[in-house]
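Accompanying notes for the structure given below.
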Amino acid sequence: MDRRWVMRGALVAAVFILLGAAVYVFGQFRPFGDESIDRSQPAMLKSVRDLSQYHAAAGEFQVVLDIENDVKWVPSALAGERTLFVAAGSVNAYVDLGSLKDDGLVVSPDRKTVELRLPKPQLDKPNLHHDRSYVFSQERGLINDLQALAGPPDTQRFYVAAEAKLTEAAKQSELLKRAEDNTRVMLTGMLQSLGFQVKVIGD
């Protein structure tokens, strides 16, 4: 082999090695640093509304949905689906102080006593935690498997079912009672700090 070709080959190899080393060093140490440009527009205020709701308690809930969809007269190995879906979310309980009736807050003529009648607490819409809600397992028939290949899975129906379950769980819990007690304590303390004696009237 011609010695000149050997020298040229060695020189090309050395150049590639040096270039690779330079790229590695530049990538590791980044002497000029990185630059990120954010050209996003500032947030715009679209509307303002007054709130009279006192959010008095919040509960964290988790539910496991076991939903099965069968096709009549067709074996489950061919068509059908069963899904275990874990849903996590929170539910707020609030008292709408704006709905106080005319007799909901009555001050005595000597301005020493206040009669307080609280509105009933209500449950807010569940707030699902999407980062902690997921499909735990899923069994599908052959036809359903083929349909799943056509696009991403439809999980919206699981979230809708989860919201209903979380609402029902919140109703069965002590959340509403806790919200009522917390609101009573808050308003009583506030009125007492103003020098009133407080009498809470039950429905």
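The values are calculated or read from the model by the stated rules, or taken from the named source; none is laboratory data. From a predicted model like this one, the values you see are computed outputs, not experimental measurements. Neighbour counts run over all protein chains shown; Cβ positions are idealised from the backbone, glycine included. Heavy atoms of the whole protein, side chains included, go into the accessibility calculation; ligands, DNA and RNA do not. Shrake-Rupley method; radii C 1.70, N 1.55, O 1.52, S 1.80 Å.
Things to note:
- Stretch gain in nm, segment Leu194-Lys120, where the contour uses 0.36 nm per residue and the Cα spacing is subtracted: 24.2 nm
- Accessible area (Å², 1.4 Å probe, nearest 10) - Phe136: 140
- Accessible-area rank, largest first, for Ile37, Ile67: Ile37, Ile67, with all protein chains present and a 1.4 angstrom probe.
- Each of Ser137 and Lys101 was given a label point 7 Å from its Cα along the Cα-to-Cβ line. The distance between the two points is 5.3 nm.
- Residues Thr83, Thr113, sorted by accessible area with the largest first, give Thr113, Thr83 [1.4 Å probe; ligands and nucleic acids excluded].
- Full extension of the chain segment joining Glu174 with Lys112 gains 19.0 nm, where the gain is 0.36 nm per residue of separation less the Cα-Cα distance.
- For region 52-57, backbone phi angles converted through the Karplus equation (6.51, -1.76, 1.60; θ = phi - 60°) give residue-by-residue couplings of 10, 8, 9, 7, 9, 7 Hz, Gly and Pro being listed as x.
- Amide hydrogen proximity for Leu118: with H placed 1.01 Å from N in the peptide plane, the residues at 5 or more positions away or on another chain lying under 5 Å are Ile201.
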